[in-house]
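Encoded as structure tokens, the structure appears first; notes follow it.
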Amino acid sequence: MTHIKNLMVMVKGILPKSDTKKISYFGWAKVLALYVTLSLLTACQSGQELHTLYVAPGGDDNGKGISMDNPLRTLEKALEIIQIGSSMEGYGSFEIVLGEGRYELSKSIVIDNGHNLKSLRIKAYKDEEVILSGGRIIDGTWISRGDNIWEIPFQGQTNQVFVENKRMIRARWPNLDEYLHPEEVDVAKKWMSFADSIPVDFKVTDQTELLATGAWHFIRQKLQNIDSESNSITTNTEIGPECSSTKVKTFDRIYFENNIDFLDSEGEWFLNEDTKVLSLFTSSNPNDTVFHYPVLETLFEIKGDKSKPMTNITFEGLTFQYTTWKFPDEERKGIQAGFWGTRIGEPVFSPVAAIMMSYAENCEIVDCNFVNLGEGAIALENGVSHMNIENNTFQDIGSNVIQIGRISNYIGEGHPLHLDYKDEQDAPAFNSVINNHLKNIATVDKGGVGVLIAYSNNNKIKNNLIEEAPYTGISVGWRWGDDGLLTNAHHNEISYNEIRKCMQYLSDGGAIYTVSNQPGTVINNNWIYDIGGGEFMAEGIYADEGSGSMVISHNYVHDIQDHDYKGHRNLWETMTVENNGCDQCVNTLTKRDERVKYSDFPDNKPSNTNIYGVQNKK
């Protein structure tokens, strides 16, 4: 009876008096039912600190959830029970075990200090396939309009469509893997022209987008008009980010997207937002196929407080699938590594992720899969420390896969991107990214990177395989300029990673890219190869502006489009570059000009390639 009284007092303290009266009229039935569930947990696990709830797609949220024979139906219900149960004496450490199947989340799940947790583990039952989805199935019947065009009524909004885990192609011109070079560009006049003919039946709508590189920038913005006679286009705003001195030039790559007139290739689709009709180009009957579209930007948000961080939250053996991305009012004018903005003095933004964490300690994401995401997979924000990201796979991730030190919606100090943490306790630190496979990344925002370490320190990025990236694989640091100013980016270790097939589309980056003075940062024993595909400046290791106080050693780098190592405006006297491409040798730096030095290491492969990249799982 003591626990029942405590539960009644707790509920009365939470609800208004009118609501507690209503509960009393029903004899506290629902509250007592919840108490019975918690009592059964205690009975089943007497003497144990960990309490387990079971969930399965065929379960019942009015059930007890104490075994897979009587599971709950939703993860949300399990967390609701935990939130009340953890407030009672003896609770606080929980495990949610999910049975095989797909769980479509109705909204992003927030886990915060209101749950009063000592620890929480959310995991798959006996290695079964568990999918936590931010998507929905496209319902209805496709109608043939002839010439391989099919249509279906669609009342939602989406910028992505998937079938059998494959991303369908948003209607574009030129078609996939093709692009144009502009003949002339006047970014201030919002104009560019082409030597190639623009299709005469190409009619601009308010949905039509220009997608362009600006060296390392990746730009997505709306078109205003086309002139097929002069083969030119105009945009609504200046072409590319106004805050950057690097503008779109004639060597950059251009294509157009999201227009019904581009619908001419197998698997292309277009959603008319006015008529609410989704069109698909396919030679087969789409009624025989299941299509998904994302509706949620994030799936989980772990939110602690600076004075009371969340602790011991674990995701294990789960698949996170389908998140959306949004076209913002300011457009998506990429500045660097997935961050976008417009003018100096205006806010800068960065991509969200399927799992967002702030003020959290000793958490883990292990043995999970991330697939078909519109933005990032994992973002560690303020005050995240001792986080372990291990043995996961990431495939078809829209932007930055893993961000350590994500900040967004801020105005830079001096430089559009610069805003370090004022309190070093806010800087993420001592996090590990180990034994993960990142493949086919930055599929929506080609300016995204595999792993980004911004204003963050004492992180370990080790034994990961990163491949198939349009831009940089690993980016470390977040301050440009050679003033040597120290930031919260220091003492990071990048080692034993295998990085290949990066820099496939953009320019001016590398498999590993660094900026700023970073005492204690070590880049060693990495295997980097097959880097290039963009227009220019695809480096193996690229130490950009202000890179200093680092050790770069014992890396094997070969088959690089430009240089194995390039330094630009480095703090040269503080940089150690040695023994790369060999066990013991001198890496001579060749001076190109006052700002740039480079080195092409001995063209050797490591004698034992098995020690790089993903190792056998534990």
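The values are calculated or read from the model by the stated rules, or taken from the named source; none is laboratory data. These numbers come from a predicted model, not from an experiment. Cβ placement follows ideal geometry from the backbone for every residue including glycine, while neighbour counts extend to all protein chains displayed. Note: accessible area is taken over every heavy atom of the protein model, side chains too, but ligands, DNA and RNA are not part of it. Shrake-Rupley method; radii C 1.70, N 1.55, O 1.52, S 1.80 Å.
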Subset of region 409-468, residues small (Gly, Ala, Ser) and at negative phi, comes to 412, 427, 429, 432, 447, 448, 450, 454, 456
Pairs returned, first residue in region 372-389 that is without any contact (Cβ under 8 Å) to a residue 40 or more places away in the chain, second residue that is outside any strand (DSSP E or B) and charged (D, E, K, R), beta-carbon separation under 9 angstrom, 6 or more apart or interchain, are 379/406
Picked from region 217-242 (must be among the acidic types (Asp, Glu) and closer than 14 Å to residue 203 by Cα), the residue surrounded by the most Cβ atoms within 10 Å (Cβ to Cβ) is 227
It is to be established whether one or more residues within region 596-618 are in a strand (DSSP E or B), in contact with a His (Cβ under 8 Å, 6 or more places away or on another chain) and small (Gly, Ala, Ser). yes
Given (1) in contact (Cβ under 8 Å) with a residue 60 or more places away in the chain; (2) under 30 Å from residue 165 (Cβ atoms); (3) open to solvent by 30 Å² or more (accessible area, probe 1.4 Å), residue 415 misses just (2)
Among strands (runs of 3 or more DSSP E) entirely within region 364-467, at least 2 residues that are polar (S, T, N, Q) occur in 369-373, 393-397
Reported set for region 297-325 where residues are open to solvent by 20 Å² or more (accessible area, probe 1.4 Å) and of a type outside the set (Val, Ile, Thr) is 297, 301, 303, 305, 306, 307, 308, 309, 312, 316, 317
Inset, instruction - Would you be able to say whether some residue in region 136-145 is at pLDDT 95 or above, within 30 Å of residue 51 (Cα to Cα) and of a type in the set (Lys, Arg)? - result: no
Requiring at least 2 residues that are surrounded by 24 or more Cβ atoms within 10 Å (Cβ to Cβ) and in contact with a strand residue (DSSP E or B) (Cβ under 9 Å, 6 or more places away or on another chain), the strands (runs of 3 or more DSSP E) wholly within region 474-529 are 474-476, 509-514, 517-524
Here the residues within region 384-412 that are surrounded by fewer than 19 Cβ atoms within 10 Å (Cβ to Cβ) and within 14 Å of the chain's Cα centre (by Cα) are 393, 408
By residue number, the members of region 268-283 that are closer than 18 Å to residue 174 by Cα and either assigned to a loop (DSSP other than H, G, I, E, B) or open to solvent by 50 Å² or more (accessible area, probe 1.4 Å) (or both) are 282
The number of residues in region 282-298 that are farther than 25 Å from residue 323 by Cβ and in contact with a strand residue (DSSP E or B) (Cβ under 6 Å, 6 or more places away or on another chain) is 0
The residue that is farthest from residue 496 (Cα to Cα), considering only those in region 544-596 that are buried (at least 17 other Cβ atoms within 10 Å of the Cβ) and among the aromatic types (Phe, Trp, Tyr), is 565
Of those in region 169-178 that are among the charged types (D, E, K, R) and surrounded by 15 or more Cβ atoms within 10 Å (Cβ to Cβ), the residue farthest from residue 278 (Cα to Cα) is 172
Within region 179-204, the residues that are within 25 Å of residue 241 (Cα to Cα), hydroxyl-bearing (Ser, Thr, Tyr) and open to solvent by 10 Å² or more (accessible area, probe 1.4 Å) are 179
Subset of region 326-350, residues over 11 Å from residue 221 (Cβ atoms), of a type in the set (A, V, I, L, M, F, W, C) and open to solvent by 50 Å² or more (accessible area, probe 1.4 Å), comes to 344
